[in-house]
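Nothing in this text is a laboratory measurement; each read-out follows from the coordinates by a stated rule. Computed from a prediction, not measured in an experiment: that's the story for all the values here. Neighbour counts run over all protein chains shown; Cβ positions are idealised from the backbone, glycine included.
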Amino acid sequence: NVAATCLFLACKAEESLRKLDVFIPVIAYYASKGHRKAVVGTSEYDKWRSVIVTTEPIVLEALCFDMVVDHPHVSLVHMLERTPLDERRKQMAWSFVADCMRVPVCLVHEARTVAGAAVELAMRVAPEQGDNAVLDGAGVRRAEVESVVQWLLEFYAREAQARRPVTEAVQTPASSPASPTVG
């Protein structure tokens, strides 16, 4: 119930407002794994509406009504204007910032720190001489930048693990291709 309310509030915060008439049928469908429909005027719809409307002020109060999340894109633009990165590494930094939107790192760290981590990671992927001083005037703390970098590296490791082929993930010595088959 709280999760549905949080998703509804997230839609409001990210300028993709969905009216309850549209939101509730979708959330009810996915919450029930496709088993229930919540059409306007049904008891299922009314139940979800009541839960969301009742829970919304509680969640907002728990968040101290702070629904603003600064995204790192603007910070990255300013940072890239002042850094001597080539176009390839600038594009990498943009890709890393986009990936940051897939993890809650923007809720934990300042936008400028996340942008700095994207630049740092781009420099690690394609290092060049003089990179050590690039972030010096950016107004970010190295320890926080490193924390975000580690968060992203862990995210990429989980993604790589999740993308392993199923046969590789479940293959055991007894089922490997080199094992004799019993026929």
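Data table
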| item | result |
| --- | --- |
| Karplus-derived 3J(HN,Hα), 6.51/-1.76/1.60, for each residue of region 79-93, Hz, glycine and proline x | 5, 5, 5, 9, 10, x, 8, 6, 4, 4, 6, 5, 5, 4, 4 |
| Separation of the residue 163 and residue 12 label points, Cα + 7 Å toward Cβ, nm | 3.7 |
| Mean-position separation - Cα centroids, region 37-67 and region 99-116, in angstrom | 28 |
| Reachable aspartates and glutamates, given that their alpha-carbon falls under 16 Å from the alpha-carbon of residue 12 and they are not under 8 places away in the same chain | 21, 56, 61, 66, 70 |
| ³J(HN,Hα) computed for each position of region 22-27 - Karplus, 6.51 cos²θ - 1.76 cosθ + 1.60, integer Hz, glycine/proline x | 8, 5, 4, x, 5, 5 |
| Partner lysines for residue 37 [C-alpha distance under 17 Å; skip if fewer than 8 residues away on the same chain] | 19, 47 |
| Length gained when the stretch residue 35-residue 126 is fully extended (0.36 nm per residue, less Cα-Cα span) | 27.8 nm |
| FRET efficiency, 1/(1 + (r/R0)^6) with R0 25 Å, evaluated for residue 86 and residue 150 via beta carbons | 0.50 |
